[in-house]
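Here is the structure we will look at, set down as structure tokens.
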Amino acid sequence: MGKILVTGGLGFIGSHTVVELQNEGYEVVIIDNLSNSSIKVLDGIVAITGKQPIFEKFDLRDKHKVQEFFRIYQDITGVVHFAASKAVGESVEKPLLYYENNINTLVYLLQEFGKFEHSNFIFSSSCTVYGQADELPITEDAPVKTAESPYGNTKQIGEEIIRDTCKVHQHFNAISLRYFNPIGAHESVKIGELPIGVPQNLVPFITQTAAGLRSELSVFGNDYPTSDGTCIRDYIHVVDLAKAHVVALERLMSHKNKSNYEVFNIGTGTGSTVLEVIQSFERVSGEKLNYKFADRRAGDVISAYANTKKANTELGWKAKLSLDDAMASAWKWQKSLNF
Ligand code: WQD
């Protein structure tokens, strides 16, 4: 069966995907430079599955290290590539850091893994490539728009690099998964989201406010043309998202893919407003959240949620967990961190 490399495997989505890969019997090798994660996540993974992944700590920006890795691990049969910088706002301030960290590392991985006889590659992409889609729900053939941020641009460029690689190397098989909004935590409360500093994303800010780490949540705009004036997103439980990676990898490894480069939207297919997320949190936690309405956040799209038909029918994957499940798991995780 060979080994599966998970880059960024100690990160939020990466760690949940390592657990699901191990649950399916795969032997996992993690590369992580710990720039945005903690070595304690490795203990959390082992506590859940009882299996110790191989862990290599180095930075994928070091091309020689990447070359050395693939010289040593010649039995890697699949790569799930998460390692990247992902803060939209930071990418506007530090574009070159994002282009170096998100693009150079992808090129080095493709160069070295592409030398293998069979290469199965899963790329962590994002619905951010669509910008504000003209039609909702969003299908995979919706036009990719000029990115609103260097972060979003690195996802678009990353997809194009992989697509062009697959065009000239028929032995190279890849799938880009365009995530919507991953939230929640593993039911074991052993792994979850560990935002460093002030959370940029909605759900960790909600749970930190309820835990008393933040004084109040600012809702960025309540004058949008939506049911309650707040933005709509497709919030997907991180465990459902992790399982989508295993299904995508198995599609490639069992040669069920229809072409050697495919793209799938990974979401629930349901849009929720910010206020609906807050109501879900209050419902499942019994807490009253302290929030206020504030100005709109630059770069926010009004509404984004997935048309999941292609993932459901072709990939054979469907999200199973609800918004309430995700919010309940996020709150359990937050409480495990603080109390
Ligand atoms: C969701 C909604 C905010 C914080 C981003 C990236 C995407 C992916 C997920 C990496 C929006 C509102 C938020 C707050 C708020 N990242 N909000 N108060 O912006 O949809 O997606 O994170 O892969 O690529 O673009 O997620 O959680 O930041 O915001 O009102 O304190 O919550 O305005 O409407 P977003 P988010």
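So here's what we get for this one:
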quantity	calculated
Burial ranking of peptide ranges 264-270, 192-198 (average Cβ count within 10 Å, highest at the top)	264-270, 192-198
Mean projection area, nm², convex hull over Cα of the range 149-219	7.4 nm²
Exposure rank, largest accessible area first [Asp75, Asp141, Asp240; 1.4 Å]	Asp141, Asp75, Asp240
Alpha-carbon centroid distance for the pair the range 19-61 / the range 224-240, whole angstrom	30 Å
Amide H contacts under 5 Å for Tyr261, placed H, 5+ residues apart	Ala174
Along each principal axis, Cα extent of the chain, largest first, Å	55, 44, 39
Nonlocal Lys pairs with alpha-carbon distance under 30 Å, the range 291-339 (8 or more apart, or different chains)	10
The chain, accessible surface, carbon-and-sulfur percent (1.4 angstrom probe)	50 percent
The chain - share of DSSP beta bridges that are antiparallel (%, nearest 5)	5 percent
Distant-in-sequence amide H partners of Val6 (H built 1.01 Å from N, under 5 Å)	Val29, Ile30, Ile31, Val80
Residues with amide H under 5 Å from that of Tyr179, placed H, sequence gap 5 or more	Ser125, Ser126, Cys127, Ile266
Gain on full stretching of the segment that runs from Lys57 to Leu34 - 0.36 nm per residue minus C-alpha separation	7.5 nm
HN-Hα J in Hz across the range 3-20 - Karplus 6.51, -1.76, 1.60, θ = phi - 60°, x for Gly and Pro	9, 10, 8, 10, 7, x, x, 9, x, 4, 6, x, 5, 5, 6, 4, 4, 5
Protection proxy ranking, peptides 161-171, 324-334, average beta carbon neighbours within 10 Å, highest first	324-334, 161-171
Within a Gaussian network of the chain (alpha carbon springs, distance under 10 Å), most fluctuating of Ala47, Ala244, Ala147	Ala47
Dipole-positive endmost among Tyr151, Val203, Gln52 within the chain (Cβ charges, Cα centre)	Gln52
Sum of side-chain charges, Val239 neighbourhood, beta-carbon under 10 Å (Lys, Arg +1; Asp, Glu -1)	-2
Heavy-atom surface of the range 1-122, accessible at 1.4 Å and reported per residue (Å²)	43 Å²
Angstrom value of the Kirkwood radius, inverse mean 1/r, which spans all Cα pairs in the range 94-162	13.3 Å
Charge sum, other residues only, whose C-beta stays under 14 Å from Gly2's C-beta, Lys/Arg counted +1 and Asp/Glu -1	-4
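The values are calculated or read from the model by the stated rules, or taken from the named source; none is laboratory data. Predicted model, so just to flag it, every value in this text is computed and none were measured. Glycine also receives a Cβ, built like all others from the backbone with ideal geometry; neighbour counts cover every protein chain displayed. The protein model used for the area step is the full one, side chains on, heavy atoms only, and it has no ligands, DNA or RNA in it. Shrake-Rupley method; radii C 1.70, N 1.55, O 1.52, S 1.80 Å.
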